1. Only one of Gln124, Gln150 is modelled with pLDDT under 95 and either aliphatic (A, V, I, L, M) or touching a strand residue (DSSP E or B) at 6+ places or on another chain (Cβ under 8 Å) (or both). Can you tell me which?
2. Among the numbered conditions (1) modelled with pLDDT of 95 or more; (2) more than 22 Å from Lys242 (Cβ to Cβ); (3) open to solvent by less than 70 Å² (accessible area, probe 1.4 Å), tell me where Glu162 comes up short.
3. Considering only residues that are modelled with pLDDT under 85, under 22 Å from Lys274 (Cα atoms) and among the small types (Gly, Ala, Ser), look in the range 65-92 and name the one that is surrounded by the most Cβ atoms within 10 Å (Cβ to Cβ).
4. Gly480 - would you say it is touching a helix residue (DSSP H, G or I) at 6+ places or on another chain (Cβ under 7 Å) and surrounded by fewer than 22 Cβ atoms within 10 Å (Cβ to Cβ)?
5. Suppose we filter the range 239-286 for residues that are touching an Asp or Glu at 6+ places or on another chain (Cβ under 8 Å) and modelled with pLDDT under 95; how many remain?
6. Could you pull out the residue among Glu364, Glu301 that is within 27 Å of Lys443 (Cα to Cα), in the same structural domain as Arg468 (by the TED database), open to solvent by less than 70 Å² (accessible area, probe 1.4 Å) and acidic (Asp, Glu)?
7. Is it the case that some residue within the range 340-353 is within 17 Å of the chain's Cα centre (by Cα), hydroxyl-bearing (Ser, Thr, Tyr), closer than 27 Å to Lys274 by Cβ and open to solvent by less than 20 Å² (accessible area, probe 1.4 Å)?
8. Does Ser98 count as touching a Cys at 6+ places or on another chain (Cβ under 9 Å), within 17 Å of Lys242 (Cβ to Cβ) and of a type outside the set (Asp, Glu)?
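The values are calculated or read from the model by the stated rules, or taken from the named source; none is laboratory data. Keep in mind that what you see is a predicted model, and the values were worked out from it rather than measured. Note that each Cβ is placed from the backbone with ideal geometry, even for glycine, and that neighbours are counted across all protein chains shown. Just the protein is used for accessible areas: all its heavy atoms, side chains included, with ligands, DNA and RNA removed. Shrake-Rupley method; radii C 1.70, N 1.55, O 1.52, S 1.80 Å.
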Amino acid sequence: MAFQRRRNHYYNRFRFLIPFISSIFGGLLLFFALLSFLAPSPNVSDHTRRIPPVQFNAASDKAIGVSHFRVPRNGARSGRDLWTSRNAKFYSGCSNASNKFRKANAITHPNRYLLIATSGGLNQQRTGITDAVVAARILNATLIVPKLDQKSFWKDSSNFSEIFNVDWFISFLSKDVKIIHHLPKRGRKTWNAHSMRVPRKCSERCYQNRVLPVLLKRMCQAIQLSKFDYRLANKLETDLQKLRCRVNYHALKFTDSIEKMGEKLVHRMRARSKHYIALHLRFEPDMLAFSGCYYGGGEKERRELGKIRRRWKTLHQVSNPEKERRHGKCPLTPEEVGLMLRALGYGQDVHIYVASGEVYGGEETLAPLKALFPNFYSKETIASKQELEKFSSYSSRMAALDFIVCDESDVFVTNNNGNMARILAGRRRYFGHKPTIRPNAKKLYRLFMNRANMTWGAFSSRVRTYQRGFMGEPNEMRPGRGEFHENPSPCICEEAGFHVKSDNSGPREHDTTRRRDEAATVGDDQNNDYEPEWPDSEEEEEQVEFQDKDPFNTSVEYEGSNYEEPNLELEEILSD
């Protein structure tokens, strides 16, 4: 009984504390519940993708990176010359016509005229001009100086003679195609040209079956081909391919004012360093939105790029942006480009010229690249506003300045395989195979995502392995593969007796003539790297759709006269 009384005594003593203790625990539970409610929901993708950028300690020669991933100041050791292509001396551009290629005055029909209206920005229009000369040759017609697109996204009012040296263009090609400034007049009236459009990748037979019959009509001897971009097939006879090269690499020169300003920019880069890299960054908001890619910026990034993307109502919705990057369809971030270059062996002292519009994220996005390469320049930083004043209101003229500096660079790096990248890649192959680096984005993606878990040595070794075949070396691409303007193989001759194995396709033939003939007979390659096209206006947006679900697969093959161009075509390539 005594024990029972003591137990009741202790119970009565503490029972008044139980409600007080319960209220404290209840309050704590409510507090933690409130915190969990107010905290942002975790995003696995954001967490795995947002890797802290590489930082540098000014007091040390070592870079302080993430975990044990430390970038040395001098990049990675490389056993190759970083500024030249191996075996380039055994190759040269060769685009002279054969003896079988008749002169223009012998094959041009009187009163047969071809006009073209180009499409897109500067480099897309350049492909159209080049192909238009060949189309005129196929039709035995006189070509009128091409009309440049002035209504597209780029909104540039420049005409042909304000960007290109028109007199040189006409004179240089006079033996191949007759070119005049304007349609002649019939009496006191100018001829009215019949407007039509040919399919994408239209072959020689396509022009003969579709366009020539219209030209032969008695009342219609002048034809204008509209939206003239990529309207000529890759597969043509060798002499026509060589004509393409004569146009693109010799006849198309910029005006004297553009050439002189471009030379100034190149001279100023050379005055700073013996060698320099030119980088076509392509990390503008429109580019990222159009590609449907995601870079770990959370809800803010999704909202901002989604708003831009909704401008094109027929653009397919990307359900898995992660997949786009995984498949190599997205530009690398500026930091990733910098890490790739450092892994290839380019040290912190290397000078970089960047050709770019407004970068998504501004200086915050560029900061890691500038930390990796402090010698960072653009035309705006090496030229005064006064010097650029007469160019700055014209997007094509500004693009022409970037084109010149990139073309003259020791190494050109493209971050997006668009028109400028393709044109420059082909041009640099033709003029000595100057190094042209295209990131192997599909292979590099996982490497960048996992770099915090590896040493710099392991990372740089894998980058160099993945970039084999993407460095602009001779024989990286088989003849006839890819877009002709990127790989003008019929116009590149190999020194007799020289033999080298291709990175992709094994041994190649020694004999130059045989290589060119084989290249002419290779079928057009379905080029899955094409970018989507911009619509010209709000009215056209309603009619614009993608082929299939892949906006990068827009190439069309034509092999017969009964082919109908699909109505799923977009109207202007986003690529310059």
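1. Gln124
2. (3)
3. Among them, the one singled out is Gly75.
4. In short, yes.
5. 2
6. Testing whether each residue is within 27 Å of Lys443 (Cα to Cα), in the same structural domain as Arg468 (by the TED database), open to solvent by less than 70 Å² (accessible area, probe 1.4 Å) and acidic (Asp, Glu) leaves just Glu301.
7. Scanning the range 340-353 turns up at least one residue that is within 17 Å of the chain's Cα centre (by Cα), hydroxyl-bearing (Ser, Thr, Tyr), closer than 27 Å to Lys274 by Cβ and open to solvent by less than 20 Å² (accessible area, probe 1.4 Å).
8. Judged against the criteria, Ser98 is not a match.
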